[in-house]
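To start, the structure under review is shown below, and the notes come after it.
The values are calculated or read from the model by the stated rules, or taken from the named source; none is laboratory data. None of these values were measured; they are calculated from a predicted model. Cβ sites come from the backbone with ideal geometry, for glycine too, and all protein chains shown count toward neighbours. When the accessible area is computed, the model is the full protein with side chains, heavy atoms only, and any ligands, DNA or RNA have been set aside. Shrake-Rupley method; radii C 1.70, N 1.55, O 1.52, S 1.80 Å.
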Amino acid sequence: MEAEVIEAELVLPTHFRFKLVQSYEKYPKSQSSARRFKHLKQIIQAEDFHRYPPDGPNYVNIESPPPLHPCKRICDITGYEAPYVDPRTKLRYANTEVFKVIRSLPSDYVQRYLSIRNAAVVLK
Amino acid sequence: MPFTSQIQRQADYHLFSPDTPIVIDNGASYFRIGWAGENDPRVIFRNIVQRPRHKATGETVTVVGDHDPTLLKYFDCTRSGPRSAFDSNVVYQFEIMEYILDFGFDRMGANGSQQINHPVLITECVCNPVHSRSKMAELLFETYGVPSVAFGVDAAFSYKYNQQLGVCARDGLAICPGFTTTHVIPFVDGEPIYKGSCRTNIGGFHITDQLKQLLSLKYPHHANNFTWEKVEDLKMEHCYIAPDYSAEARLFQTGAKEAEDKTRTWQLPWVPPVVEEGPSEEELARKAAIRERQGQRLREMAEAKRSSKINELENELQGLEFLMRQLEEVEEEDIPSFLEETGYLSKQEVEAAHVKAAQALRKAKGEPKGEQIGIEEKTDVSTDEKFPLINVPDELLTPEQLREKRRQVFLKSTNEGRQRAKQRRIEEELERERKIQEDEERRLENPQLYLDQLNGKYRELSEKVEQRKRLKLNGNQTNGGVGRGERLNAAQKERMRLLTTAAFDRGKGEDTFGSRDEDWQLYKMMSKDNDDDDDGVDPDEAELMQVTSRLQEIDPTFVPRVDVGGPSQPAFEVPKFRPLTKEDFQIVLGVERFRCPEILFHPNLVGVDQIGLDEMAGASIRRLSCGSQDLEDRLTKSILVTGGSAFLPGIIQRLEAGIQMIRPCGTPISVFRASDPILDAWRGASYHASSYQFAGQAFTRMDYYEKGEDWLRGYQLRYTI
């Protein structure tokens, strides 16, 4: 290791005297790390919040409801208010100049713009 | 940048008694750890872990938090980016959490003694799933040997701390736009009521992410400059919440003066390209002199060549003249024998050679061709003389003469053809002149009528031509240049159609292609040259030009339409290659400044189908369903905004206005910003942990194992002390 790296104590030591169990004992290298944890979705599923009384707060039922009135539509490119939608790319746009830009965009850019508002085509 | 890591190792760890709790604010963006009772955390760092490979040794190492980026040059970070222990606001990867805790305790100065012998108060999200909570407790008990643990909610600690400071009251709302989520928690009698709380899955992370994506889409060439850290800085420096998004956007759309003032630019490092210095005056003069000398030499050479050629031709001409004079003296029968040594066959040939030489000489001397025609005509008159064999019957001729006769017949016919063409030209000229004459007469007869007619003709023609051009450029107009079909003009499209039908017209039924002559036309239409009919001038176009020039001649008010086929062309052509300027390295932040933070109020803009901050306050009060107008008024009178995004300028005003809209008319509303939206949660927790009741709030390892999961699920800290 380079002197300045050691100097800055950049690298986390593998052994700490204040720990009862060291990480190398807990997480042997041979074991894949992906097996060791559940994602939030899996945690929620395993918790099975439906079993709990509905009036008690839990992680799922404190989520905000969807909005009641329709959302403002803004131009995907410029952020102005967008009265139009391009039927081909499905991008929202504010005026003819933006439309010209939209039509000259390569398709991966179109998808990236769409993915900002989570509307991109996702292939599974 | 308001948030900076603070990772110096503390030296006074052993000075604290085992009763002093350690307080950890485990936020999704920052990890803060310190001693209970103190005002500030000792160690702060970003809650991320990187596992790069050391370049020199090849071993994988663990790096916690963010460090001096220059030190990371010894590591290969390409294989794994920074990782967080959080999924949304819930800790789920406890291996990463362990690295972070290791680092945190290490920097607190812990060493020796086989365990962390201090109670720990650690924050978690509202209604943390019990899985995450128990794993965290397990980690702290089993790995670090912590005697007791307490869990609390960061937003609640922040509210309590500000209540102490007198910013907010016992009853109120805490609005906490955090890193990955935003919470609204109502407080009644100083205690958070989670039943009435609200969570929207949007936070500062999403703002930065959107800004990053928008900027890299807007400036694809500078995408490398938009690192997460840089964009985070940009957000904190420039982003604000617009009082009214639509009005603000309209300002920018119309290009108002205020919008210009609100636009910020970020100049990327840019080095002006080295301007190539043009050659100096001296150099230019020298080059010109050289060129001049070379030109002079070439001219001299050409002159010499010309004069020698003239000389030669003159000599030849003299020789021929001398020969002709001699021939006149010689008897007719003796001519062939006389000419034998000169190479000519007959007297005519000599004469022809003479004429030719004379012409060449004239040309070489640069004299006008004027007489030439006359001479030609003169020679033409004597066709009989020139082609003596034509009228002689074949029987009388020798084979050699026969060949000569055939040649003469050919020469004569071409000659006559040329004559006819000339005749036709002259006639056409006359015809045109006659037409112009007639035209002029008509004009003089009734100038106004004539002009009107001409104008009508012009309009008709120009429309026709324009339409043709449009047809040719078809597709280019509706443009977008996406599909291949749109790039082809009509003729090319037709050709493609023919080719495809020809290609797929195989193997069905009998092949009758070629039985009719028209079939072969197909190939002509398919051939490539077919579609570029630009070479041949369109007769309409030619006529249009004629009419235009005529109109220009006689009508001073006439202005020709310039944009024939124009609209499909862009107004100006951007040159493809131009020198890069300073402006090309400027990142302009206009609408983005308030567009990105707007997602806090309209999560729909980034595809999160939940209500925004202001409506959450309303939803929260609804959920609480306390039924007392008085309490509701007290809640809205003390609204505290805390968490990282509370720093956004304008958020207080916007929230006040937004909540005013959803609450009944006349509701008292006041919104406050936390005294320090970032650190207040830790400070509140520190204060809480330092009180003597804290010991009763924490649970030990024994409790954890004996009371079971259901108890842990119901565990809730009491904040009022």
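Let's see how each residue does on (1) in contact with a His (Cβ under 8 Å, 6 or more places away or on another chain); (2) touching a residue at least 12 places away in the same chain (Cβ under 8 Å); (3) open to solvent by less than 70 Å² (accessible area, probe 1.4 Å):
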position: A:71; (1), (2), (3): yes, no, yes
position: A:76; (1), (2), (3): no, yes, yes
position: A:86; (1), (2), (3): no, yes, yes
position: A:93; (1), (2), (3): no, yes, yes
position: A:97; (1), (2), (3): no, no, no
position: A:101; (1), (2), (3): no, yes, yes
position: A:110; (1), (2), (3): no, yes, yes
position: A:118; (1), (2), (3): no, no, no
ask   = Do we have residue B:168 as farther than 30 Å from residue A:22 by Cα, not assigned by TED's automatic domain parsing to the domain that holds residue B:230 and not small (Gly, Ala, Ser) here?
value = yes
inquiry  = Pairs needed: first member in region B:322-350, exposed (fewer than 14 other Cβ atoms within 10 Å of the Cβ); second member anywhere, in a helix (DSSP H, G or I); C-beta distance under 6 Å; at least 6 residues apart or different chains.
reply    = B:330/B:338
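Any residue at all in region A:24-40 that is more than 7 Å from chain B (Cβ to nearest Cβ), in a helix (DSSP H, G or I), exposed (fewer than 13 other Cβ atoms within 10 Å of the Cβ) and more than 28 Å from the chain's Cα centre (by Cα)? Reasoning before the result, please.
First, the residues of region A:24-40 that are more than 7 Å from chain B (Cβ to nearest Cβ): A:24-26, A:28-32, A:34-35.
After this cut, where a residue has to be in a helix (DSSP H, G or I) as well, the list is A:24-26, A:34-35.
From what's left, exposed (fewer than 13 other Cβ atoms within 10 Å of the Cβ): A:24-25, A:34-35.
Restricting the remaining residues to those that are more than 28 Å from the chain's Cα centre (by Cα) gives A:24-25.
Yes: one or more hits.
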inquiry  = Could you go through region A:58-65 and let me know if any residue there is modelled with pLDDT under 90, open to solvent by 30 Å² or more (accessible area, probe 1.4 Å) and at the interface with chain B (Cβ under 7 Å from one of its Cβ atoms).
reply    = no
key: Which numbered condition residue B:132 misses (of (1) under 22 Å from residue B:203 (Cβ atoms); (2) at the interface with chain A (Cβ under 10 Å from one of its Cβ atoms); (3) in contact with an Asp or Glu (Cβ under 7 Å, 6 or more places away or on another chain))   = (3)
key: region B:66-77: number of residues that are within 9 Å of chain A (Cβ to nearest Cβ) and within 15 Å of residue B:30 (Cα to Cα)   = 1
task = Check region B:710-720 and report whether any residue there is touching a residue at least 40 places away in the same chain (Cβ under 8 Å), acidic (Asp, Glu) and over 11 Å from residue B:150 (Cβ atoms).
result = no
task = Give the residues of region B:138-177 that are within 14 Å of chain A (Cβ to nearest Cβ) and not in a strand (DSSP E or B), sorted by residue number.
result = B:138, B:139, B:140, B:141, B:142, B:143, B:144, B:145, B:146, B:147, B:155, B:156
ask   = Out of (1) within 19 Å of residue B:183 (Cβ to Cβ); (2) touching a residue at least 12 places away in the same chain (Cβ under 8 Å); (3) open to solvent by 30 Å² or more (accessible area, probe 1.4 Å), what's the single condition that is false for residue B:653?
value = (1)
query = How many residues are within 9 Å of another protein chain (Cβ to nearest Cβ) and either closer than 24 Å to residue B:605 by Cα or exposed (fewer than 15 other Cβ atoms within 10 Å of the Cβ) (or both) if we restrict to region A:42-51?
reply = 2
task = Only residues in region B:412-433 that are within 26 Å of residue B:389 (Cβ to Cβ) count as the first member; pair them with residues that are in a helix (DSSP H, G or I) and open to solvent by 70 Å² or more (accessible area, probe 1.4 Å), Cβ under 9 angstrom, at least 6 apart or cross-chain, and list the lot.
result = B:412/B:386; B:415/B:386
query = Taking region A:1-23, which residues are facing chain B (nearest Cβ under 7 Å), among the β-branched types (Val, Ile, Thr) and either open to solvent by 80 Å² or more (accessible area, probe 1.4 Å) or part of a loop (DSSP other than H, G, I, E, B) (or both)?
reply = A:11, A:21
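Please find, among B:88, B:80, B:84, the residue that is under 18 Å from residue A:41 (Cα atoms), more than 8 Å from chain A (Cβ to nearest Cβ) and in contact (Cβ under 8 Å) with a residue 24 or more places away in the chain. So that I can check it myself, show each step before the final result.
Values: B:88 fails: more than 8 Å from chain A (Cβ to nearest Cβ); B:80 fails: under 18 Å from residue A:41 (Cα atoms).
One residue alone meets the criteria, B:84.
If I go through region B:592-604 residue by residue, how many of them are in a helix (DSSP H, G or I) and open to solvent by 10 Å² or more (accessible area, probe 1.4 Å)?
Count: 4.
Restricting to region B:102-116, name every residue that is outside any helix (DSSP H, G or I) and either within 9 Å of chain A (Cβ to nearest Cβ) or acidic (Asp, Glu) (or both). First the steps, then the outcome.
Residues of region B:102-116 that are outside any helix (DSSP H, G or I), as a first pass: B:108-116.
Once the filter is applied, which keeps residues that are outside any helix (DSSP H, G or I) and either within 9 Å of chain A (Cβ to nearest Cβ) or acidic (Asp, Glu) (or both), region B:102-116 yields B:110, B:111, B:112, B:113, B:114, B:115, B:116.
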task = Identify, by number, the condition in (1) at pLDDT 85 or above; (2) facing chain B (nearest Cβ under 8 Å); (3) within 25 Å of residue B:600 (Cβ to Cβ) that residue A:77 doesn't meet.
result = (2)
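For (1) farther than 19 Å from residue B:86 by Cβ; (2) free of Cβ contacts under 8 Å to residues at least 40 places away in the same chain; (3) not assigned by TED's automatic domain parsing to the domain that holds residue B:598, each residue gets a yes or a no:
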{"site": "B:125", "(1), (2), (3)": "no, no, yes"}
{"site": "B:128", "(1), (2), (3)": "no, yes, yes"}
{"site": "B:134", "(1), (2), (3)": "no, no, yes"}
{"site": "B:142", "(1), (2), (3)": "yes, yes, yes"}
{"site": "B:206", "(1), (2), (3)": "no, no, yes"}
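Out of everything in region A:106-124 that is touching a Leu at 6+ places or on another chain (Cβ under 8 Å) and more than 9 Å from chain B (Cβ to nearest Cβ), what residue ends up being nearest to residue B:612 (Cα to Cα)?
Checking each candidate, the answer is A:114.
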inquiry  = I need the full set of residues from region A:89-124 which are more than 10 Å from residue A:77 (Cβ to Cβ) and assigned to a loop (DSSP other than H, G, I, E, B), in order please.
reply    = A:89, A:90, A:95, A:106, A:117, A:118, A:119, A:120, A:121, A:122, A:123, A:124
ask   = Residues of region B:605-625 being surrounded by fewer than 17 Cβ atoms within 10 Å (Cβ to Cβ) and more than 34 Å from the chain's Cα centre (by Cα), which ones?
value = B:622, B:625
key: Counted residues, region B:576-602 - those being facing chain A (nearest Cβ under 10 Å) and β-branched (Val, Ile, Thr)   = 2
task = Show the residue pairs that are 6+ apart or on different chains and have beta-carbon atoms under 7 Å apart, the first residue being within region B:603-615 and facing chain A (nearest Cβ under 7 Å), the second being part of a helix (DSSP H, G or I) and among the charged types (D, E, K, R).
result = B:605/B:598
ask   = Do you know which residues across region B:193-205 are crowded, with 24+ Cβ neighbours inside 10 Å and more than 9 Å from every other protein chain (Cβ to nearest Cβ)?
value = B:202, B:203, B:204
ask   = Since residue B:705 meets every condition but one in (1) in contact with a helix residue (DSSP H, G or I) (Cβ under 9 Å, 6 or more places away or on another chain); (2) not in a helix (DSSP H, G or I), which condition does it not meet?
value = (2)
